[in-house]
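Down below is the structure, laid out as structure tokens.
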Amino acid sequence: MTETIIYIIAATIAGLVIGFIVAQSIVKKREAVKANLFFEEAKVKADAYKQTRALEAKEKFLTLKSEHEKEVNRRNAEIIVSENRAKQKEQSLDAKINGFKQKEDELEKQKSQVTNQLQNLTKKQEDLTKKQEETEQARQQQVKQLETIAGLSAAEAKTQMVDALKSEVQSEALAQSKIIVEEAKLSATKEAKRIVLSTIQRTAAEHAIENTVTVFNIENDDVKGRIIGREGRNIRALEAATGIEIIVDDTPEAIILSGFDPIRREIARLALHRLVTDGRIHPARIEEVVEKTKKDLTQEIIEIGERTVIDLGISGLHPELIRIVGRMRYRSSYGQNLLKHSREVANLCATMAAEMGLNVKLAKRAGLLHDIGKVPDDDAETPHALLGMKWAEKYGEHPEVVNAIGAHHDEIEMTSMLSPIIQACDAISGTRPGARREDSENYIKRLKDLEALAMSFKGVEKAFAIQAGRELRVMVDSDKANDKEADDLSFELSQKIMKEMIYPGQIKVTVIRERRAVNYAK
């Protein structure tokens, strides 16, 4: 029994060992199969990847090969083109060389022809020289025969003939020159009168009188209190912002704006109109409205200048000169509006230049710009003609226009025909009846006072106030005053005029002795 159990246990253990071994072999076989399958799969993938890379490499090779072939073809084409160009240049050079050879042959032929011609000319010149010598000998023989017959030498006869012709020609020339001068004076006077009269008749312009006071009308007197404001703060703010004195008095439905600058007065008038219309009047609002009005008026000035140059047909004017032309609308001279005066002078100059056959466009341009020096922003000491000339030169105007502006009051020498035209037309426009406002009695009194002031100086023989009182011409006795005293007299007289007299613009003081000493009373 015991042995049986032992056999059974041994058989069981042996079975278990055999089963374990069999199971291990089965597992190993399965793993081997899996490994084989994995290896096969990896091998397949590797082959596929290898084929893919091979295909990509082949495609890339083909692409590079095609690009290389294209590049080779392009370079071959360029080489062919270069070769063709080289061949063409070679052919052209050959043609030029052949042409040069032909020209060289032609030049050789011409050279030989010229040589032959020179030889012929030399022979002809020798023949002519011989003939001249023979002619001179014959002439000398004739002269000797004439001297024998006349009893005079050739030099004496020539001298007598020249003297007779000279005296006869001189007398005839003097008589003819007097006739020509008289005819020229007569025709020049007639022509000048015709041109001036024709210009005045064909050209006319409106004229206006500008004052130093502007009246601002209001609907009722209640507005005055609102303009004055509490304790006068509104009117003080308005005066400070505009630089204009505002007079609120008992004048019904009116406020007076007083100031010498017409542009400032216009700004104050427009600002007051906007404030009264809006109804909101206080210092902050006043400053805002005045600033806006200044900007608007600046733009309006530019538009006025642009309209003026367009109306007159002037082109290419510098923008700064256009602005200055617009500012002339708010300036006046002796009560005559400066812009209207300048437009009138421009039209007069154009007409006169056309009559005289000069450049009409330059004349019109100079006429419009001749008084731009009267609207300076800062320089008030330089005479307006010289200041205007400086501005015109600065902004690229034509030299004839620049000279006409500077010379229209004789500050500089006139160098072109336009200058006297501008001067004449300025005088025509300024002295036209009604153009400028000045009482005739005051005008005559001012001229007499100028002459009397000059006569009060020692050594003065005569004094004349000319050019509407713009120039004082003083004649001194050359025995009583030398050149240095004439210079001193000119200076002292100009200083005394500045101190003792009231006058518009400037007065040119000219003292005449053996030379002229000039100073200006500004």
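The values are calculated or read from the model by the stated rules, or taken from the named source; none is laboratory data. As the structure is a prediction and not an experimental result, all values here were calculated from the model. Cβ: placed from backbone, ideal geometry, glycine included. Neighbour counts: every protein chain shown. These area figures cover heavy atoms from the full protein model, side chains too; ligands, DNA and RNA do not enter into them. Shrake-Rupley method; radii C 1.70, N 1.55, O 1.52, S 1.80 Å.
Setting aside same-chain residues fewer than 8 positions from K43, which lysines have a Cα under 25 Å from its Cα?
Partners within reach: K28, K29, K34, K58.
Round to a whole number: what % of the accessible area of region 307-426 belongs to carbon and sulfur, probe 1.4 Å?
That share works out to 50 percent.
Taking θ = phi - 60°, what integer Hz values does the Karplus form 6.51 cos²θ - 1.76 cosθ + 1.60 yield along region 292-307, in sequence order, with x for Gly and Pro?
Ordered by residue, 3J(HN,Hα) equals 5, 5, 4, 4, 5, 5, 4, 5, 5, 4, 5, 5, 4, x, 5, 4 Hz.
For region 410-427, take each phi angle, set θ = phi - 60°, evaluate the Karplus expression 6.51 cos²θ - 1.76 cosθ + 1.60, and give the result in whole Hz per residue in order, putting x for glycine and proline.
Per residue, the Karplus-derived 3J(HN,Hα) values read 6, 6, 10, 6, 7, 10, 9, 6, 5, 4, x, 5, 4, 4, 5, 5, 5, 5 Hz.
Can you pick out the pairs among K448/K499; K340/K508; K462/K508; K103/K123; K394/K508 whose Cα atoms lie more than 19 Å from each other?
K340/K508; K103/K123; K394/K508
Filter the GluC sites (Glu not before Pro) in region 237-294 to those in DSSP coil with at most 16 other Cβ atoms within 10 Å of their Cβ, and list the result.
Sparse-neighbourhood loop GluC sites (Glu not before Pro): E253.
At 0.36 nm per residue, and after removing the present C-alpha to C-alpha distance, how many nm does the segment from I512 to T159 gain when stretched out fully?
122.2 nm
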